[in-house]
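The values are calculated or read from the model by the stated rules, or taken from the named source; none is laboratory data. From a predicted model like this one, the values you see are computed outputs, not experimental measurements. So basically every Cβ, Gly included, is an ideal-geometry build from the backbone, and we count neighbours across all protein chains shown. Ligands, DNA and RNA are stripped out before the accessible areas are found, and what is left, the full protein with its side chains, is counted by its heavy atoms. Shrake-Rupley method; radii C 1.70, N 1.55, O 1.52, S 1.80 Å.
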Amino acid sequence: MSPAAFPRPDIDDLSAPYWEALGKGHLLYQRCLSCGTAWLPARSQCPGCLGPDIGWVPASGGAKLISWVVYHRAFNPAFEDRVPYNVAVVELDEGPRLISNVVGLDPEQEICAQLHLDQPLRLAIRHEQGVAIPAFLRAPE
Ligand SMILES: [Zn+2]
């Protein structure tokens, strides 16, 4: 049996700047030019004021851990060799949240023993199967 296909992001005109910037080593988020609300993922209107004037802004790379789950069975067969792995909600220092992974953990220790709420994180973009993906390393407290 051949290995499962690595899932690919659905990239459209709206999200293309996000994915292109990741490929160049930068994580971008959207900010409303009218009210200043910041968010991810890409939208065509501000979720704060519904305005259409939106800019892309580079994130500093600083973040904190909001929540996480540990998968002991792969959600997608392409990830079977990774279990157990975490899926985390991460809040950028600038406010937007995204679903990501905390990487660089000690495989000899329980994942949950290495993570805690509000844990400082640092962006660590990974390249997998030709796709740049935002992930995060634990940062010094
Ligand atoms: Zn707005």
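Numerical summary
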| read-out | value |
| --- | --- |
| Test for S44: is it loosely packed, with under 12 Cβ neighbours inside 10 Å, within 16 Å of the ligand (Cβ to nearest atom) and touching a residue at least 12 places away in the same chain (Cβ under 8 Å) | yes |
| Answer from W68, W56, W39 - the residue that is away from the ligand (no atom under 15 Å from the Cβ), among the aromatic types (F, W, Y) and touching a residue at least 24 places away in the same chain (Cβ under 8 Å) | W68 |
| Filter result (charged (D, E, K, R), over 27 Å from Y29 (Cα atoms) and touching a residue at least 24 places away in the same chain (Cβ under 8 Å)) within the range 75-121 | E80 |
| So H127, is it in contact with a Pro (Cβ under 7 Å, 6 or more places away or on another chain), over 29 Å from T37 (Cβ atoms), open to solvent by 40 Å² or more (accessible area, probe 1.4 Å) and not hydrophobic (A, V, I, L, M, F, W, C) | no |
| Of all residues in the range 1-38 being more than 30 Å from P77 (Cα to Cα) and not in a loop (DSSP other than H, G, I, E, B), the one that is most open to solvent (accessible area, probe 1.4 Å) | R31 |
| Residue within the range 53-73 that is modelled with pLDDT of 95 or more and of a type in the set (K, R) present | yes |
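Per-residue answers, yes or no, for (1) open to solvent by 60 Å² or more (accessible area, probe 1.4 Å); (2) not in a helix (DSSP H, G or I); (3) not acidic (D, E):
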{"residue": "L50", "(1), (2), (3)": "yes, yes, yes"}
{"residue": "G55", "(1), (2), (3)": "no, yes, yes"}
{"residue": "I66", "(1), (2), (3)": "no, yes, yes"}
{"residue": "V70", "(1), (2), (3)": "no, yes, yes"}
{"residue": "F75", "(1), (2), (3)": "yes, yes, yes"}
{"residue": "F79", "(1), (2), (3)": "no, no, yes"}
{"residue": "V89", "(1), (2), (3)": "no, yes, yes"}
{"residue": "E94", "(1), (2), (3)": "no, yes, no"}
